[in-house]
Amino acid sequence: MTSELIEVSVSAKGGQAKRCPPYGQKEHVVAVGIPAKKATFRFAQKFDGVVSAALGNDHLYVQYGTAAGKRYFKDFDLQHYSGDEESEPAQLGQEVEVRWRPMFLHGNLLHVYGEQPELIDVSQWERIYSEYEGTANPDWSIDGRFVYHGKQIYRAFGWNDYTQGLDIVRDSKVIGHADIDIQYFMPCTDGLIYGVRLSSPTFCVYSIIENTVKLEVPLAHYEFAYDEPTASVSRCGDRLHVLAGNHVLIIDLATFSVVAEFAYFNTDFMQTLLSGLKYKNAAISHFISASGSTLVLSGAKYLLCLSTADGSVLWGRENNYDMLAANTDGDLVFGLEERRPRAWDKYTGDEVWQASAGTIANSIDVCGNWLVFYQPAGDIQCFTWKKPYTSPHRPN
């Protein structure tokens, strides 16, 4: 698996597709393969509470919040896991009201958003930053998210409150402020955050190191599902692939410029699909997942695989239910169709795998030789494969 993260922001509907290692950092490439039909491991089955998960190579990190009011983490070494979930030690337990908190892994650092956000070093299971005991600014909401860079926390004022900018925190004290209203979600890499700027509206790339807007792209002329501009982002190295309503933008972070724009609604596949719909905005995708020469759009009742070179359609699939997909650097696209984990040949869209059991998962994580499906109510399904899949349709 490469190298470059599939970074898909979470919408109000939930759902995400991720691929490690995090945030554009390069590592060796390992091709993905076709998993066994039955999940290798399942966690938090029939769980009375909420869970979130983050996958890092051969480790699965799970945050449990029980209905009884306990919160804790577990670190499952999937290569050496005994299969006994209860026997694994709990880390950093707390007595708290249970709420769902999403997590993202960046190296050894686990970013935990939501109620009482935290930054945890999973190599030592030590909190680097936590609001469990208190906050640096009493005006912050109890629910929040942050960026960590240069040993400083850049904290938004609330879970969905980007209008007041970011407070800059060091050693539990506010030492500065960044007056930027970007609706970002994921942790930053190389000091950059990006997302819709609410006051414009534009898609904005901002450097927290330079305290400077590096690029703004107007969004007013694009169509969005719910009128208000939103953006899902997939980063591959120095390229941002931005799903802006009925368009896809490709941004070069080396030059901070838009290098391509695709009106995917104009493709034959979408024109055929739109002809059968009463409301065109119902066909706008919610998620983008890019890798190398391809990008996949999902989150509506179809999957659409496009070439990053010219935006041409490689393949598409329709369904009666919303679909979700995670692109990979191998020859497969993993996803959910009719609530069942599946895999499709990246170059044709032909289904080459489906799991033996269904799932109500709304998130997909791919890393190392592991594929994980999960959602807040539990039943985390982990799959693996023995050999890589090589498509007979791979271009020469």
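The values are calculated or read from the model by the stated rules, or taken from the named source; none is laboratory data. Being a predicted model, the structure only gives us computed values, none of them experimental. Counting neighbours? That spans all protein chains shown, and the Cβs are built from the backbone with ideal geometry, glycine included. The area values use the complete protein model at the heavy-atom level, side chains included, leaving out ligands, DNA and RNA. Shrake-Rupley method; radii C 1.70, N 1.55, O 1.52, S 1.80 Å.
Observations, loosely collected:
- Sole residue being open to solvent by less than 10 Å² (accessible area, probe 1.4 Å) and assigned to a strand (DSSP E or B), chosen from I193, I180: I193
- Residues in region 312-345 that are outside any strand (DSSP E or B) and open to solvent by less than 10 Å² (accessible area, probe 1.4 Å): M323, T328, G330, D331.
- Condition check for Q94: outside any loop (DSSP other than H, G, I, E, B) and either at pLDDT below 65 or farther than 29 Å from E351 by Cβ (or both): yes
- Residue list for region 27-51, filter: part of a loop (DSSP other than H, G, I, E, B), modelled with pLDDT of 95 or more and of a type in the set (A, V, I, L, M, F, W, C): V32, I34, A36, A39, A44
- Annotation for region 3-24: at least one member residue is surrounded by 21 or more Cβ atoms within 10 Å (Cβ to Cβ), of a type in the set (A, V, I, L, M), in contact with a Pro (Cβ under 7 Å, 6 or more places away or on another chain) and modelled with pLDDT under 90.
- Failed item, numbered, when G299 is tested on (1) over 21 Å from P218 (Cβ atoms); (2) touching a Pro at 6+ places or on another chain (Cβ under 7 Å): (2)
- Any hit, region 176-184, residues being in contact (Cβ under 8 Å) with a residue 12 or more places away in the chain, more than 30 Å from N57 (Cβ to Cβ) and of a type in the set (S, T, N, Q): yes
- Selection of region 355-396 for residues being under 22 Å from T294 (Cα atoms), open to solvent by 40 Å² or more (accessible area, probe 1.4 Å) and either among the aliphatic types (A, V, I, L, M) or assigned to a strand (DSSP E or B) (or both) yields only P388.
- Candidate set from region 135-177 (those that are over 20 Å from E210 (Cβ atoms) and among the aromatic types (F, W, Y)); member that is surrounded by the fewest Cβ atoms within 10 Å (Cβ to Cβ): W159
Okay, residues lined up against (1) under 14 Å from the mean Cα position of the chain (by Cα); (2) farther than 20 Å from S232 by Cα:
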position: I288; (1), (2): yes, no
position: G311; (1), (2): no, no
position: D331; (1), (2): no, yes
position: R342; (1), (2): no, yes
position: D345; (1), (2): no, yes
position: G349; (1), (2): no, yes
position: G358; (1), (2): no, yes
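- Residues satisfying the stated conditions in region 123-164, i.e. more than 25 Å from E95 (Cβ to Cβ) and assigned to a loop (DSSP other than H, G, I, E, B): S123, D139, G150, K151, N160
- Test set (1) among the acidic types (D, E); (2) open to solvent by less than 80 Å² (accessible area, probe 1.4 Å); (3) more than 25 Å from the chain's Cα centre (by Cα) - D75 fails condition number: (3)
- Long-range neighbours under 8 Å by Cβ, at least six apart or interchain, first residue closer than 20 Å to Y222 by Cβ and of a type in the set (F, W, Y) within region 266-295, second assigned to a helix (DSSP H, G or I) and modelled with pLDDT of 95 or more: none
- Some residue of region 42-60 being farther than 17 Å from C382 by Cα, of a type in the set (K, R) and over 17 Å from the mean Cα position of the chain (by Cα): no
- Total residues in region 337-396 satisfying the condition of being in contact with a Cys (Cβ under 7 Å, 6 or more places away or on another chain) and on the phi > 0 side of the Ramachandran plot: the figure is 1.
- Scanning region 283-310 for residues being in a loop (DSSP other than H, G, I, E, B) and open to solvent by 10 Å² or more (accessible area, probe 1.4 Å) gives a total of 7.
- When T255 is tested against (1) farther than 11 Å from F203 by Cβ; (2) part of a strand (DSSP E or B); (3) among the β-branched types (V, I, T), just one condition goes unmet, and that condition is (2).
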